[in-house]
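Have a look at the structure below, then the notes.
The values are calculated or read from the model by the stated rules, or taken from the named source; none is laboratory data. Nothing here was measured: the structure is a model prediction, and the numbers come from that model. Please note: Cβ atoms are built from the backbone with ideal geometry, for glycine as well, and neighbour counts cover all protein chains shown.
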Amino acid sequence: MRFFRFKNLDNIGNAWEHLWKWIRENKYEYIGMQKGDHGWCNGFEEQVNWYEVKAPDEWILELWVQLRG
């Protein structure tokens with residue numbers, strides 16, 4: 001599993017691009033689409049500081065992708 005942490009919800013598109021680029025450059029292979037409780041997904045987005053009342057530009061988020069090493 002690999003994750004990438006970033007700040008500000010507006011940066012989510014760039015953050016995903018950065019994570020996929022890192023995966024390609026480091027010759028990892030992602031596991032692919034997985035069936036979860038809420039449908040199919042290829043990665044996860046998690047707000048780390050969900051317990052704090054902050055504007056979306058102050059959110060800290062992590063993107064998660066399952067990889068084969």
Within region 42-69, residues being surrounded by 13 or more Cβ atoms within 10 Å (Cβ to Cβ), among the hydrophobic types (A, V, I, L, M, F, W, C) and without any contact (Cβ under 8 Å) to a residue 40 or more places away in the chain number 1
Checked against (1) at positive phi; (2) surrounded by 11 or more Cβ atoms within 10 Å (Cβ to Cβ), Lys27 satisfies every condition except (2)
Residue pairs qualifying under the 9 Å Cβ cut-off, at least six apart or on distinct chains, with the first in region 6-33 being of a type in the set (Lys, Arg) and the second being not in a helix (DSSP H, G or I), are Lys7/Trp59; Lys7/Ile60; Lys7/Leu61
When region 35-60 is checked residue by residue, the ones that are closer than 18 Å to Phe4 by Cβ and in a strand (DSSP E or B) are Cys41, Phe44, Glu45, Glu46, Gln47, Ile60
Matching residues in region 31-69 (modelled with pLDDT under 85 and among the aromatic types (Phe, Trp, Tyr)) number 1
Restricting region 2-31 to residues that are outside any strand (DSSP E or B) and acidic (Asp, Glu), the one farthest from Trp59 (Cα to Cα) turns out to be Glu25
